[in-house]
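Written out below as structure tokens is the structure these notes cover.
Read-outs throughout are calculated quantities, based only on the coordinates presented, and are distinct from any laboratory measurement. All values derive from a computational prediction rather than experimental measurement. Positions of Cβ are backbone-derived with ideal geometry, glycine not excepted, and every protein chain shown enters the neighbour counts.
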Amino acid sequence: MCLNLIDEYYLNTEIKYQDLNELTADFIINEYKKLGFYYKYSDNHLVSLLYNYFYLKKKGKHQVLEDILNKYSINYKSSIHNAIYDLLSNEKDRFLLWPGVISEIDDGLLYKLNTNIGNIEVYKASEMFKNTKSFYIFKRNLRNCCHERSFEFLSLNRDYKAVLSYDENLFVGGHFHSYLEKDNITLDIASNALYMRREDKEKVLNKEILTKLTYDEVILEFNKVLNEIPKLNTDDDKLQVLALYHGMKKGIK
């Protein structure tokens, strides 16, 4: 196996599906334009579509657009996962505007969410780890850094395991995602989310599990992949490389 094969695989999975989600958003926009006013917010069709949905939901006039989203099989788990990113990064107003979100109450640490896929309880991880050696990680950029931050946390907390998964996108295909587990506790560090109950985690992270690895197993597996793909660098994002590697082995396309 060569490095080019890993790169090509990444382009043909994550990047391909990003493009297909953009195309789906464009179809939805064109269909909605026949029925209601549409504001072009961005050249990115998905960003622009969500902006218009948020605006309409704020006004209570989103049902027509939501019907079209359902026609194109919007993935509400993905939508609510994205909403939790916003909620726990202090974008609380926008959280309430995501498709599938109904309401939330919180006490500053625990958030009780009412959604169309059920009730979810989630804690703000940065507050829960405030007085630990890992707190500095939560001061860094978390969003879109799931592999890197998960490995950082794992290196300091070796009683956890890294979970490498393949999560669904909003409309088409999926993407590779890393988070952490210990017993029934789940830390989705990229969204600053801590789930204390498995049933809450499974409502948003119940996707295809590629593998679960301890810190020592990550190092061992990464070194094996290094031997198989010599052009990899020891500084490469270990969990991302392993997620792609396991995705290839499992035949995810």
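Couplings for the stretch 96-107, taken from phi via the Karplus curve 6.51 cos²θ - 1.76 cosθ + 1.60 with θ = phi - 60°, read 5, 8, 5, x, x, 8, 9, 6, 8, 10, 8, 10 Hz in order; Gly and Pro are left as x. Each Cα pair under 8 Å and six or more residues apart adds its separation to the average, and for the chain the resulting relative contact order is 20 percent.
Can I get the semi-axes of the stretch 56-143's equivalent ellipsoid? Compute them from the C-alpha gyration tensor as square roots of 5 times the eigenvalues, in angstrom, largest first.
Working: eigenvalues 164, 34, 26 Å².
Semi-axes, largest first: 29, 13, 11 Å.
When Rg and Dmax are taken over the Cα atoms of the stretch 3-250, they come to 19.0, 57 Å. Report summary: the helix-based calculation at 222 nm, which adds -39500 (n - 2.57) for every DSSP H run with n ≥ 4 and divides by the residues of the chain, gives -14000 deg cm²/dmol.
Got a sec? How would D107, D188, D93 order by Cβ neighbour count within 10 Å, fewest to most? Spell out each step's value before the answer.
Numbers: D107 7, D188 27, D93 11.
Neighbour counts put them in this order, fewest first: D107, D93, D188.
For the stretch 50-65 and the stretch 91-121, write down the distance between their C-alpha centroids in whole Å. When both Cα centres are located, 17 Å separates them. Would you pull out the residues with amide H under 5 Å of E208's amide H, same chain only if 5 or more places away, H placed 1.01 Å from N? Amide H neighbours of E208: Y166.
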